Amino acid sequence: MSAAKHHGGHHAPHGHDEHAPRWLNLSLAVILGVAAIVAGVTAWRGTVLNGHAVENFTLSTQSVNDANSLAQEAERASTSERALYVDYEEALQRGESRRAAAIYSMMDGSTRRAIEWWREQPPGERPLTPFKSANPEWAAPATIIDARESLERASTQLEQANVDLNKSHSLEFIAALLTVTFLLGGLSGVFQSQRAKATLVTASGTALGVCLIAMVMLW
Amino acid sequence: MSARLLAGACLALAGAALVGTGCGSSSGGTATVRTTGADEAAVRDPAAATCSGKIAVMAPYTEGGSTDSVQMNWARVALDTFNGEHGTSFQIEPVDVMDDVADGIRGARRAIADPEVVGVVGPQTSVVTAAVGPLFDRAKMAYVSPSATRTDLGGGSLTGFYRVVANDSVQGPTLARFTADQLAAKKVALVQNPEPYSRGLADAVAAELDRRGVPVTRLTVPLRQADYGGTIRRIPRDADVVVMPFLLSQDGQRFARQMEDSGRDPQLVGGDALFVPTEFTKVGAYVSSYSPDLRKTPSGANIIRLYEAIFGDFSTFGGPAYTAMEVVATAALETCRDGRATRAGVWTAVPAVEMEDSLLGQRVAFGDDHELEGGRFFMYRVEPNGGYRAVG
């Protein structure tokens, strides 16, 4: 049963109505209720995205550090293995077996494996040095690739962090816009005119709709 | 409108918001899944993640020459990158072969005898491919060449042969179209060597030029000729373009220099055999290549940086070896069982490998004729700084 019917069709002059129809009040209640939920969800989502952004910024920084460490390690290992190998070969050619053995013992495992593989190749199929792509035991490429992948991961994480942060800021803006919904809804109680009330409730509902659509798009 | 309806709508909205909340929580971590079968297999079968096996690479690596090791380097970068991305432990098995057939046969037999070798990247040249192909076919060993372009290798006559580059039936028309359209040739001299690569390419160029109504004068010079004076004098004075599908880059360089010394200056166009930046340096000449300019492909820049970090210098000519290795490794992973790739598995899977994107800047998939779908050739101009610039 409508509010207007309940009051026997008592209408104020010039279209004014002291008692708004029930559907208008219910609409207002629904709009404000949903607005409250959306405000809460928006705030929560914004916080979550902000957290993701911070997490990704941290991970990105960590990945950059990892990449730098790996790159430095690869550079150091590469320089070291070449220098040791040159000394080792020189010692062997001079017949200084004790010195050669000492240098060999200073090499890390992957360098020794690379040299052993190289030595085992028939002379005609032996690369110029052990540190060539054909040597499956040469580990430097994989280390450099790991460093590069870490750097790419950092870049992806940084990009994601920026996306999350931008979304978070947009959601905060939506939360601010939702106050318009509350304001218009609240103002509708101040007016006696049914038309004014309806206009304000409609405007409040429209603002809520816009916020809802924006929230879904930014989810 | 009834109050119940409004209340229902309100609840629905609230519910939708909560459902959205639940759905959204999973979007925190974004994952890009490539649609290659290999990735699916890796997801399906955790054992595949530790897959091992050897992939032979038939390419030169012992000479220390200008293009030595380039394909081996690219194949190695591809394999180590693949292992890093998929958690596999495939290993490279180098086979030092360029254009010597005896070396090729010896290397092929060695690869076939090693039960751990499951597939091959290579051979580099057409002549070796034709010689070792039947051996690999009998052993059911799939081989994916990054550079063997002779047309008659394809079509399925060699059952295990695939290539990630276009064949010479594409190269000939490409050279002819470039000559007729880009260089607006009025009359063309076509200077060829008396051997299959050069002759086949020259035939294809002549046929396409003839179809376009461009007059062609054909001349033949032997390989490694020291003095081209007689040949140059026989080139018509009004020929404004000389197409020279020579087999050897040194021959192309010598011919170009003697042409210049004789006071003749027509436009020079060479085939992919002249694509050797350290040896063919005639400024303003054009050469073709089966490889695009990797600096311009979407994933090229990143991989070039990686390549340079490992090997220092960079040559675009080796790029297809990267893609060939990706194909074989993908097939090996796709059919991995109990942590081991198998030769039979690679043999079965290579024809079905599809990569939506590749270093070559195009989709990689093979047709029933074992050829790369949509394969094409690219034209480059020799620049004053010694580099080659892509022009078409």
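The values are calculated or read from the model by the stated rules, or taken from the named source; none is laboratory data. Because the structure is predicted, anything quoted here is derived from the model rather than measured. A quick note on method: Cβ atoms are made from the backbone with ideal geometry, for glycine too, and the neighbour counts reach across all protein chains shown.
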Original post:
Is it the case that some residue within segment B:287-299 is free of Cβ contacts under 8 Å to residues at least 60 places away in the same chain and closer than 23 Å to A:Glu152 by Cβ?
Top reply: yes
**OP:** Evaluate segment B:299-313: report whether one residue or more is among the hydroxyl-bearing types (Ser, Thr, Tyr), within 27 Å of A:Ala71 (Cα to Cα) and not assigned by TED's automatic domain parsing to the domain that holds B:Val243.
**Re:** yes
**OP:** Mind checking which helices (runs of 4 or more DSSP H) fall wholly inside segment B:214-333 and carry at least 1 residues that are at pLDDT 95 or above?
**Re:** B:229-234, B:249-261
Original post:
Which is within 14 Å of chain B (Cβ to nearest Cβ), closer than 30 Å to B:Asp100 by Cα and touching a strand residue (DSSP E or B) at 6+ places or on another chain (Cβ under 7 Å), of A:Pro141, A:Pro136, A:Pro130?
Top reply: A:Pro136
**OP:** Given the conditions (1) surrounded by 17 or more Cβ atoms within 10 Å (Cβ to Cβ); (2) in contact (Cβ under 8 Å) with a residue 60 or more places away in the chain; (3) more than 9 Å from chain B (Cβ to nearest Cβ), report the number of the one that A:Asn162 does not fulfil.
**Re:** (1)
Subject >> From the options B:Gly300, B:Gly318, residue that is closer than 18 Å to B:Thr81 by Cβ, within 14 Å of another protein chain (Cβ to nearest Cβ) and buried (at least 17 other Cβ atoms within 10 Å of the Cβ) >> reply: B:Gly318
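For segment A:74-94, check the following and say yes or no: at least one residue is touching a Leu at 6+ places or on another chain (Cβ under 8 Å), at the interface with another protein chain (Cβ under 10 Å from one of its Cβ atoms) and either within 21 Å of A:Ala154 (Cβ to Cβ) or outside any helix (DSSP H, G or I) (or both). Break it down stepwise before answering.
Step one: of segment A:74-94, the residues touching a Leu at 6+ places or on another chain (Cβ under 8 Å) are none.
No, because not a single residue in segment A:74-94 is touching a Leu at 6+ places or on another chain (Cβ under 8 Å), at the interface with another protein chain (Cβ under 10 Å from one of its Cβ atoms) and either within 21 Å of A:Ala154 (Cβ to Cβ) or outside any helix (DSSP H, G or I) (or both).
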Original post:
Considering segment B:86-103 alone, what residues qualify as being in contact with a Ser or Thr (Cβ under 8 Å, 6 or more places away or on another chain), surrounded by 24 or more Cβ atoms within 10 Å (Cβ to Cβ) and more than 9 Å from every other protein chain (Cβ to nearest Cβ)?
Top reply: B:Thr88, B:Phe90
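For (1) without any contact (Cβ under 8 Å) to a residue 40 or more places away in the chain; (2) within 32 Å of the chain's Cα centre (by Cα); (3) within 14 Å of chain B (Cβ to nearest Cβ); (4) not in a helix (DSSP H, G or I), each residue gets a yes or a no:
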position: A:Leu158; (1), (2), (3), (4): no, yes, yes, no
position: A:Leu171; (1), (2), (3), (4): no, yes, yes, no
position: A:Thr179; (1), (2), (3), (4): yes, yes, no, no
position: A:Gln192; (1), (2), (3), (4): no, no, no, yes
position: A:Arg195; (1), (2), (3), (4): no, no, no, no
position: A:Ala198; (1), (2), (3), (4): no, no, yes, no
position: A:Gly205; (1), (2), (3), (4): no, no, yes, no
position: A:Cys211; (1), (2), (3), (4): no, yes, yes, no
position: A:Met217; (1), (2), (3), (4): yes, yes, yes, no
